[in-house]
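Peer 1: The following block contains the structure, expressed as structure tokens.
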Amino acid sequence: MKLSKTNFLICLDCAKNAWLKIHKPEVYKKEGLSSFELNIVDTGNQIDELARGLFPKGVLVESRDDTELTKKLMEEKTPVIYQPVFATEKFLAVSDIFVFNSDTNVYDLYEVKSSTVSEENGGRKTEDYLIDMTFQKNVLDDLGIKVGTLNLIRLNKKYVRLGEINLKELFFIEDLTNQVNEKLEDVRNKMEGAFELLSSEAEPKGHCDCILKGKNSHCTTAWYSNSDLPEYSVHSISRINKKKLAELVDSRIFNIHDVPDDFPLSDNQKRQVETAKSGKEYIDRDGVSEFLQKIKYPISFLDYETYPSALPRYDRYSPYQQIPFQFSLHVIDSHESELEHYDFIYTGNDRPDEFFAEALKKHLPENGTVVVWNQKFEQGINKQLGERLSEYKDFMQGVNNRVVDLMVPFFGKTTMYDHPEFKGSASIKYVLPVLVPHLSYKNLHIKEGGTASDTWNRIVSDEYSEDEKNMKVQALKDYCHLDTLAMVEIWKVLKNV
Ligand code: SF4
């Protein structure tokens with residue numbers, strides 16, 4: 001086995017997962033990548049290819065094990081090489097861009113990452129990227145290949161597109177040579193340790209490290225390494241910290257029903273555990289009644305679907321800014337009125353903003369409450385729309401001023417309604433099937449937001465035939481329609497409470 005850079009980084013994140021990826025791929029791949037995760041991979045490749053535009057006319061080493069071609073191109077001092085491959089007996093590294101520097105007579109290395117960075121606040125994961133580049137440097141040193149500078153290329157968070165994309169402004173290049181050289185020995189030790197562990201056939205036994213972490217940290221192979229965990233385990237206790245989890249795990253208390261009554265928990269956690277144990281719903285009727293009074297007719301139940309494009313696709317967009325492409329709106333004018341529904345979806349080639357804002361202004365009642373689920377999201381989109389479209393700035397601010405978040409009665413410290421089947425989650429995907437059993441996402445073609453985003457992106461990227469496109473557009477409408485209908489029905493249940 002040769003330890004690749006990718007598997008080394010997975011191993012640093014979680015040794016058990018890396019071992020499963022290499023020795024039990026059927027377990028590692030069992031759940032497969034979601035369409036949204038596939039989209040992240042596509043985005044990474046897209047950014048890699050675009051960044052090559054900073055050093056045009058390079059030669060691409062197609063195959064990820066073609067060390068011979070790499071060697072030949074370097075001997076010929078080829079000005080720019082994309083995806084050069086380096087392998088020693090133990091390690092395999094594929095770099096993104098090598099640029100020959102005629103001043104120093106060696107190649108400079110450029111590593112491309114699809115995350116963002118800003119001059120002021122730096123970037124996330126810088127430490128991971130440093131380790132990534134140090135792995136490469138160690139392999140090059142093992143092969144006796146001298147390189148000049150080691151540079152990290154990331155998306156400039158502050159970049160705002162106007163007209164054609166300006167690569168030099170879109171990408172931010174940092175020379176991290178010194179930082180890499182300082183890490184060589186430390187990463188070398190980690191590489192040797194990972195190689196030892198991962199080339200061993202002996203499977204790391206017992207629970208994996210996430211036995212001491214909350215459910216949100218668990219990866220797609222957690223089911224395999226912690227097969228004795230019950231469906232509703234102590235790992236689902238909302239915001240449980242490592243110390244408390246360790247106490248429960250050390251006492252081999254895995255099932256939330258087995259948590260001792262006097263175990264120290266926050267009020268919110270205590271309520272969740274008691275609800276689970278009692279098997280009965282918890283309802284704070286006064287709280288619910290007070291909350292419902294904030295909701296005034298005409299009531300608009302509103303939900304947006306967006307796509308976070310790494311590359312700013314339209315004018316006045318920055319990297320990863322959400323593109324609002326769809327909304328669903330259910331309206332109840334008064335106590336006696338029928339439910340009305342309006343929807344909007346844009347699949348053209350222009351910037352959706354203007355069409356989105358115009359349709360929203362046309363259908364959204366000028367007064368009354370705007371009900372959403374997780375207000376930070378819709379309000380954030382409205383603010384950005386107002387910033388890009390000055391003619392809609394006041395309208396968007398007006399909408400945000402009327403927002404009430406229907407997630408509040410089900411969320412954290414503000415919980416007024418809890419149920420054992422919510423399993424500690426305030427996601428509408430957990431609340432709906434319990435409060436409104438006749439409505440479900442199960443039979444929909446699109447069941448969650450990530451797939452909705454990815455589907456829209458593939459529609460506007462012409463990845464579908466006309467028939468497929470029409471089917472996908474209908475699936476997007478059905479999904480977003482249920483998001484707002486679900487809020488209507490949940491509001492009715494709260495009213496009946
Ligand atoms: S659940 Fe956590 S510790 Fe276990 S394999 Fe996954 S990432 Fe690793």
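Peer 1: Got a sec to turn the phi values of region 317-322 into Karplus ³J(HN,Hα) couplings, 6.51 cos²θ - 1.76 cosθ + 1.60 with θ = phi - 60°, whole Hz, x for Gly and Pro?
Peer 2: Running phi through 6.51 cos²θ - 1.76 cosθ + 1.60 with θ = phi - 60° gives 9, 10, x, 6, 5, 5 Hz.
Peer 1: Separate question: Which pairs, out of LYS393/LYS477; LYS242/LYS294; LYS125/LYS213, put more than 29 Å between their alpha-carbon atoms?
Peer 2: Over 29 Å Cα-Cα: LYS242/LYS294.
Peer 1: Something else now. May I ask you to rank SER318, SER461, SER390 by accessible area, largest first, using a 1.4 Å probe over the protein chains only?
Peer 2: My answer, sorted largest first, is SER390, SER461, SER318.
Peer 1: Post the alpha-carbon centroid distance, region 68-130 to region 283-297, in whole angstrom.
Peer 2: 58 Å
Peer 1: Once you have a ≥ b ≥ c as the square roots of the Cα gyration tensor eigenvalues for region 1-45, tell me rounded if a/c is under 1.5, and otherwise prolate or oblate according to whether a/b is larger than b/c.
Peer 2: oblate
Peer 1: With N set to the number of residues, divide the alpha-carbon radius of gyration of region 120-166 by 2.2 N^0.38 Å and report two decimals.
Peer 2: Compactness ratio reported: 1.60.
Peer 1: Can you give me the long-range amide H partners of TYR317? Hydrogens built in the peptide plane at 1.01 Å from N, cutoff under 5 Å, separation of 5 or more residues or another chain.
Peer 2: Residues meeting the criterion, in which the H sits 1.01 Å from N, are ARG161.
Peer 1: Report the equivalent ellipsoid semi-axes for the chain in whole Å, largest first, defined as the square roots of five times the eigenvalues of the gyration tensor built from alpha carbon atoms.
Peer 2: Semi-axes from the Cα gyration tensor: 45, 33, 19 Å.
Peer 1: Also, quick follow-up: Please report the projected area of region 1-92's Cα convex hull averaged over all directions, in nm².
Peer 2: 7.4 nm²
Peer 1: Only residues of region 200-227 count here: report those whose backbone N is under 18 Å from the spot 7 Å along Cα→Cβ of ARG239, or say none.
Peer 2: Within reach of a label on ARG239, which here means backbone N under 18 Å from a point 7 Å along Cα→Cβ, region 200-227 contributes 213-217.
Peer 1: Between ASP303 and residues 5 or more places away or on another chain, which pairs have amide H atoms under 5 Å apart, with H built 1.01 Å from N, and which residues are they?
Peer 2: SER328
Peer 1: Normalised by the residues of the chain, what does the relative contact order come to in percent, with Cα pairs under 8 Å and at least six apart?
Peer 2: Relative CO of the chain lands at 12 percent.
Peer 1: What three numbers, in Å, describe the spread of the alpha carbons of region 229-276 along their principal axes, ordered from the longest?
Peer 2: Here the spans come out as 23, 21, 18 Å, largest first.
Peer 1: Related question: Amide H neighbours of LYS157 under 5 Å, at least 5 residues apart or on other chains, H built in the peptide plane: list them.
Peer 2: VAL117, SER118
Peer 1: A further question on this structure: Region 45-97: which GluC sites (Glu not before Pro) are DSSP loop and have at most 11 other beta-carbon atoms within 10 angstrom?
Peer 2: For GluC sites (Glu not before Pro) across region 45-97 that sit outside H, G, I, E and B with at most 11 neighbouring Cβ atoms in 10 Å, the list reads GLU62, GLU76, GLU89.
Peer 1: Considering only DSSP beta bridges whose two residues both sit in the chain, what percent are antiparallel, to the nearest 5?
Peer 2: Counting only bridges with both partners in the chain, antiparallel ones make up about 70 percent.
Peer 1: Turning to a different aspect of this structure: Where the only charges are on Cβ atoms (+1 Lys, Arg; -1 Asp, Glu), what is the dipole of region 289-496 about its Cα centre, to the nearest 20 debye?
Peer 2: Value, rounded to 20: 660 debye.
Peer 1: I'd like the distance between the alpha-carbon centres of region 227-252 and region 389-461, rounded to an integer number of Å.
Peer 2: Cα centres, region 227-252 to region 389-461: 27 Å.
Peer 1: Where both partners of a DSSP beta bridge lie in region 316-415, what percent of those bridges are antiparallel, to the nearest 5?
Peer 2: If I count the DSSP bridges inside region 316-415, around 70 percent turn out antiparallel.
Peer 1: With a cut-off of 8 Å between alpha carbons and a minimum separation of six or more residues, what is the relative contact order of region 322-455 in percent?
Peer 2: 15 percent
Peer 1: If the label point is 7 Å along Cα→Cβ of LYS30, which residues in region 1-18 have backbone nitrogen under 18 Å from it?
Peer 2: Within reach of a label on LYS30: 15-18.
Peer 1: Related question: Within region 1-108, report the trypsin sites (Lys or Arg not before Pro) that DSSP leaves as loop and that have at most 16 other Cβ atoms within 10 Å.
Peer 2: LYS2, LYS29, LYS30, LYS57, ARG64, LYS77, LYS90
Peer 1: Same structure again: Which of LEU176, TYR28, LEU92 sits closest to the plus end of the dipole of region 3-199, meaning its Cα is farthest towards the positive end, when Lys and Arg get +1 and Asp and Glu get -1 on the C-beta?
Peer 2: Farthest along the dipole direction, towards plus: TYR28.
Peer 1: So if I restrict to the alpha-carbon atoms in region 3-199, what is the Rg, and what is Dmax, the biggest pairwise distance, in Å?
Peer 2: 17.2, 51
Peer 1: List, largest first, the extents of the alpha carbons of region 348-485 along their principal axes, each in whole Å.
Peer 2: Principal-axis extents of the Cα atoms in region 348-485, largest first: 46, 39, 21 Å.
Peer 1: What GluC sites (Glu not before Pro) does region 321-365 have in DSSP loop regions with at most 11 other beta carbons within 10 Å?
Peer 2: Here the GluC sites (Glu not before Pro) that fit, given the DSSP loop and packing criteria, are GLU336, GLU338.
The values are calculated or read from the model by the stated rules, or taken from the named source; none is laboratory data. All of these numbers come straight from a predicted model, not from anything done at the bench. Cβ sites come from the backbone with ideal geometry, for glycine too, and all protein chains shown count toward neighbours. Accessible surface is based on the protein model in full, side chains and every heavy atom, while ligands, DNA and RNA are left aside. Shrake-Rupley method; radii C 1.70, N 1.55, O 1.52, S 1.80 Å.
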